[in-house]
Amino acid sequence: MARIWSAMQTDLVDHVYSTNASEIVYLCHFYGFSIEGPKGTTTGYAYTSPLPSGDTVPVYRLYSIGLTDHFLTTSEEAKIDAMKRWGYHLEGVLGYVYETGGAGRVPLYQLHNKPIHDHYYTTSEREREDASKNGWTEEDIIGYLLQLEDDAPKLVVPSELPKP
């Protein structure tokens, strides 16, 4: 399993999601992103490979340079449509999530702000409700993550990166 970290770039209004903490730290240092959420995340855990039982589906991570937007989907059709119609390119598979809810699972809500063309994802009911009151439209639940524990550590971005 891997934790999904989230960060936002406020100047360009883009949210990014990654299971690679080093990628998030890099984006914070060099591209003006800031870590989101009280614990450095607004999400939970995904699997790094599909479960043998077939209960999980891939979460595709796409990016549009023209729209400055990261887009997540578990739908093969939505992935292809985003690439053909909107100019997104596939960055890879973020992880594997459950298609249905269950014990210890939380929904991953997908919201979209059309005027600024930004997608936002959260497992927090409160964040979903707040965003819905501030210009975001709830589009879907793209899957179910394993819930982040209350005492999960924060991701701390060092003031300087180590020299190679």
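The values are calculated or read from the model by the stated rules, or taken from the named source; none is laboratory data. Just so it is clear, the structure is predicted and the values come from calculations on it, not from any experiment. Here the Cβ is made from the backbone with ideal geometry for all residues, glycine too, and neighbour counts use every protein chain on show. We work out accessible area using only protein heavy atoms, side chains counted, and drop any ligands, DNA or RNA first. Shrake-Rupley method; radii C 1.70, N 1.55, O 1.52, S 1.80 Å.
Only Lys, Arg, Asp and Glu carry charge here, each on its Cβ (+1 for the first two, -1 for the last two); on that basis the chain has a dipole of about 260 debye about its Cα centre. The lysine pair count for the chain, using Cα distances under 29 Å and pairs eight or more places apart or on different chains, is 10. When the solvent-accessible area of the chain is split by element, carbon and sulfur atoms take up 52 percent of it, the probe being 1.4 Å.
Inter-part distance, the range 88-160 to the range 15-81, computed on C-alpha centroids, equals 9 Å.
For the range 107-164, a crude dipole built from +1 on the beta carbon of Lys and Arg and -1 on the beta carbon of Asp and Glu, taken about the Cα centre, is about 260 debye to the nearest 20. For the range 43-153, the relative contact order is 32 percent, taking Cα pairs closer than 8 Å that sit 6 or more residues apart in sequence and dividing their mean separation by the residue count. For the range 4-99, the extents of the C-alpha atoms along the principal axes are 40, 34, 18 Å, listed from largest to smallest. Farthest toward the positive end of the dipole of the chain, out of Y17, P153, I65, is the Cα of I65, where the dipole comes from beta carbon charges about the Cα centre.
The residues of the chain present an accessible area of 54 Å² per residue when probed at 1.4 Å with all protein chains retained. With the charge dipole of the chain set up from +1 on Lys and Arg Cβ and -1 on Asp and Glu Cβ about the Cα centre, the Cα lying farthest toward the positive end among the listed residues F30, Y109, T137 is that of F30.
Remark: the F30-T10 segment gains 5.8 nm on full extension, using 0.36 nm per residue and subtracting the alpha carbon distance. Seen through its C-alpha gyration tensor, with square-root eigenvalues sorted a ≥ b ≥ c, the range 98-164 comes out oblate because a/c lies at 1.5 or above while a/b is not bigger than b/c. Compactness of the range 7-164 was expressed as the Cα radius of gyration divided by 2.2 N^0.38 Å, which yields 1.03.
Near the amide H of G44, within less than 5 Å, lie the amide hydrogens of I4, all on another chain or at least 5 residues away, with H placed in the peptide plane. Using a simple spin-label model with pseudo-atoms 7 Å out from Cα toward Cβ, E99 and W86 lie 2.3 nm apart.
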